[in-house]
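Report on one structure; see the data block that follows.
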Amino acid sequence: MTSITYISFTLSVYIICIIVNVKGHFLSTFASSVADFFICRSDECCGDTWIHQNFTGLTEQLNSKLYGQNLVVKSVVTHLKGHHKGNSCKALVLSFHGWPGTGKNYVARIIAENMYKKGMSSKYVKLISVTKEFPHEDKVREYKDRLREMIESGVKQCEKTMFIFDEMDKMPPGLIDTIKPYLDYYENLGGVDYRKAIFLFLSNTGGVDIAEETLNNWNEGKNREDIKLKDMEHIIQKPALNLKSGLWHSELITKHMITAYIPFLPLERKHVKECIRDGLIAGGYYKKRSEIPEFKVSEILEELTFYPEGAGIFSATGCKRVVEKIDYVMLDV
Ligand SMILES: *[C@@H]1O[C@H](CO)[C@@H](O)[C@H](O)[C@H]1NC(C)=O
């Protein structure tokens, strides 16, 4: 008799405990979603409202604001879409390669603006300037801890965090090891899932080789638009390049951690002219493109350096120094 009472007593305590727990769980989820609803209306949250993934906007902006980089547009949009569909078994890692001024930072910004409502100022977009954050090779140990903390706290806060590493080729050897686990196929590391994260690596690595190939193509009278992504990828992955660009490149290639290599071709005069027109309007010198006299565009263009010497086909600095040249020419009345 006593033992039956005891058993039924324990049993009911057990059941009550389950009920309370389940109810508590529902209540707390409910409470937190209500809280989210109100808080996330004004403050940035890690949900669809703030991470809006506007692929229409992304494609439109890349097509209308980025000049001479057909390979980039298609590749970037396709990979982001694929990753967004949710069947990604690892973090998305896009490696941007090309000379300064060819649009790497610009594309990173356009991605941020169309994927995150707050764009580059979103707390889920982390811009890491390698030369600024990790300038000294002898401090790698200290940097490793800092970098790990940056990535882990970022993804803990929001799985869909995007990390932009600018000047990746300047990363001190050894520090790259710290990033590797987060790029790999692990389901989770220490209870955190890194597979929804995006990593953009921006570097000049292979820029010279990409430019050479583009020039060869031009010399052979072929169309720039006919350059294949495959050919450029091949060039970026060339073993010889690893000797020049150091460890970061070769390590990540051999371990297959990079989802895609995105080549940025050197810009021709006609592309730079478009940047100049955009700059003239952005700078408030003209209201419409049709108002801009051609001679002004040419005058500004002549301030820039082109190569190869003599032929002067490609801009040595892409669209990078356009704004200062515009001011220089336009303010010199
Ligand atoms: C997506 O981008 C397009 C083009 O920039 C814009 O018209 C549209 O309002 C955007 N949609 C959202 C949901 O922000």
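The values are calculated or read from the model by the stated rules, or taken from the named source; none is laboratory data. A quick note: this is a predicted structure, and the numbers were derived from the prediction, not measured. In this analysis, Cβ positions are derived from the backbone assuming ideal geometry, glycine residues included, and neighbour counts consider all displayed protein chains. These area figures cover heavy atoms from the full protein model, side chains too; ligands, DNA and RNA do not enter into them. Shrake-Rupley method; radii C 1.70, N 1.55, O 1.52, S 1.80 Å.
The sole residue among Ser32, Ser42 that is surrounded by fewer than 16 Cβ atoms within 10 Å (Cβ to Cβ), at pLDDT 80 or above and more than 16 Å from the ligand (Cβ to nearest atom) is Ser42. Given the condition under 11 Å from the mean Cα position of the chain (by Cα), part of a helix (DSSP H, G or I), buried (at least 17 other Cβ atoms within 10 Å of the Cβ) and within 16 Å of the ligand (Cβ to nearest atom), answer yes or no: does some residue in the range 95-104 qualify? No.
Quick check on this structure: which one of Phe306, Phe264 is modelled with pLDDT under 95 and in contact with a strand residue (DSSP E or B) (Cβ under 7 Å, 6 or more places away or on another chain)?
Answer to the selection: Phe306.
Across the range 47-89, the qualifying residues are those that are surrounded by 14 or more Cβ atoms within 10 Å (Cβ to Cβ) and of a type in the set (Ser, Thr, Tyr), and the one among them that is nearest to the ligand (Cβ to nearest atom) is Thr59. For first residues located in the range 117-129 and small (Gly, Ala, Ser), partners that are open to solvent by 70 Å² or more (accessible area, probe 1.4 Å) and lie 6+ apart or on another chain with Cβ distances below 8 Å form the pairs Gly119/Arg109; Gly119/Glu113. Counting only residues that are free of Cβ contacts under 8 Å to residues at least 24 places away in the same chain, open to solvent by 90 Å² or more (accessible area, probe 1.4 Å) and not hydrophobic (A, V, I, L, M, F, W, C), the range 306-333 holds 3 of them.
Go through the residues of the range 179-196 one by one and say whether even a single one is over 29 Å from Lys85 (Cβ atoms) and within 19 Å of the chain's Cα centre (by Cα).
Just the residues of the range 179-196 that are over 29 Å from Lys85 (Cβ atoms), to begin with: none.
No; the residues of the range 179-196 include none that is over 29 Å from Lys85 (Cβ atoms) and within 19 Å of the chain's Cα centre (by Cα).
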